[in-house]
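Have a look at the structure below before the remarks.
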Amino acid sequence: MNIQKVMVIGAGQMGSGIAQVCAQAGYEVKLNDREEKFFDRGLQTITKNLSRNVEKGRMTEDEKQVILNKITKSLSLEDANDVDIVIEAAVENMEIKQSIFKQLDEITPAHTILATNTSSLPITEIAAATNRPEQVIGMHFMNPVPVMKLVEIIRGLATNDDIYMAIEEMTKKLNKVPVEVNDFPGFVANRVLMPMINEAIYTLYEGVATKEAIDDVMKMGMNHPMGPLQLADFIGLDTCLYIMEVLHDGFGDSKYRPCPLLRKYVKAGWLGKKTGRGFYIYE
Ligand code: CAA
């Protein structure tokens, strides 16, 4: 399968990162969002990241321009009518994702692969909104996308082997490492990571230690680059709560119950770095 043209849906933190690494790997990328201002913000982030590479002598100004020229603006899903793959990185909501996939199924050519960057929603259920579930697959990038090596590749119940192999090959071309995972709540990354973060929040909630102490223990004791509370702020506390709820509902096991303190912060609108306040305050 020859993948050349890519559409990335969602120009937020994840979508812009995915568009950047695709353009860097030589793909033609349509970066889609609902409004021009979201596209502009995404492109600004990409430009900033590439400029840092130029400053550090890792690429020339000309190479940066070649990469930027590979990214075009899209404000309509109809632009997916000539792409080989769509990577969806829109909001984590099953109804919205199913609606997008249903439209993409009608708009895109028959050969187009429909991939989702969902961090925990069932691929099989997203695929069920289309008439091509065998061409639907999970491609879960980690944040920040330009830095992190891993891509979890998740097969839905119907995903066929050729599609899996095409995505594995594309992931390697993006200079990332593909890891195959089956379609269970939270896949592997978030099934392991989120309960750790949730437990760190319980540790704070129960007064076992201060937030700084909890993060120090994990940073210096376990060599994690960020402590779990700092990482939760970085990911977004709403996203952390959402993923815990997916685990809780999906397994029906009380060990995945979200910490009440996490719920309280989300209700307060303290969503982490993106809102200027989470467990920590950001200027
Ligand atoms: N975009 C692009 N590049 C970035 C970046 C960003 N948002 N943040 C940092 N970088 C780059 C920096 O430019 C720097 O590059 P150079 O050394 O080449 O200049 C490099 O990353 C290191 O950055 P810093 O020196 O500023 O800071 P650091 O050493 O603390 O690293 C970090 C930053 C890479 C984010 C590191 O703290 C880290 O690995 N944190 C943990 C990240 C993590 O766990 N991610 C997974 C989250 S879970 C997830 O994504 C799944 C989900 O579904 C929720």
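Observations, loosely collected:
- Scan the range 205-249 for residues that are touching a residue at least 60 places away in the same chain (Cβ under 8 Å) and within 20 Å of the chain's Cα centre (by Cα) and the total you get is 7.
- Of residues in the range 129-156 being of a type in the set (Val, Ile, Thr) and in contact with a Lys or Arg (Cβ under 7 Å, 6 or more places away or on another chain), the one surrounded by the most Cβ atoms within 10 Å (Cβ to Cβ): Ile137
- For the range 195-215, residues that are among the acidic types (Asp, Glu) and within 14 Å of Pro260 (Cβ to Cβ) total 2.
- Cβ-Cβ under 6 Å pairs, at least 6 apart or on other chains, the range 168-197 side under 28 Å from Asn2 (Cβ atoms), far side in a helix (DSSP H, G or I): Leu174/Val21; Pro178/Glu168; Pro178/Thr171; Asp183/Ile123; Asp183/Thr124
- Among the residues of the range 250-268, the one identified as closer than 20 Å to Leu121 by Cα and in contact with a Phe, Trp or Tyr (Cβ under 8 Å, 6 or more places away or on another chain) is Gly250.
- Residue count for the range 197-217, restricted to those that are touching a helix residue (DSSP H, G or I) at 6+ places or on another chain (Cβ under 6 Å) and within 16 Å of the ligand (Cβ to nearest atom): 6.
- Subset of the range 157-187 [exposed (fewer than 15 other Cβ atoms within 10 Å of the Cβ), within 16 Å of the ligand (Cβ to nearest atom) and in a strand (DSSP E or B)]: Val177
- Lone qualifier among Lys48, Lys70 - being touching a strand residue (DSSP E or B) at 6+ places or on another chain (Cβ under 9 Å) and more than 25 Å from Ser119 (Cα to Cα): Lys70
- The range 117-131 residues that are at negative phi and within 16 Å of the ligand (Cβ to nearest atom), paired with ones that are charged (D, E, K, R) and not in a loop (DSSP other than H, G, I, E, B) (beta carbon under 6 Å, 6 or more apart): Ile126/Lys97
- Filtering the range 76-98 to residues that are within 20 Å of the chain's Cα centre (by Cα) and either surrounded by fewer than 16 Cβ atoms within 10 Å (Cβ to Cβ) or at pLDDT below 95 (or both) leaves Val91, Glu92, Asn93, Met94, Glu95, Ile96.
- Listed here are the helices (runs of 4 or more DSSP H) enclosed by the range 188-260 that have at least 3 residues being modelled with pLDDT under 95, polar (S, T, N, Q) and open to solvent by less than 40 Å² (accessible area, probe 1.4 Å), and there are none.
The values are calculated or read from the model by the stated rules, or taken from the named source; none is laboratory data. Computed from a predicted model, the values in this text were never measured in an experiment. A quick note on method: Cβ atoms are made from the backbone with ideal geometry, for glycine too, and the neighbour counts reach across all protein chains shown. The protein model used for the area step is the full one, side chains on, heavy atoms only, and it has no ligands, DNA or RNA in it. Shrake-Rupley method; radii C 1.70, N 1.55, O 1.52, S 1.80 Å.
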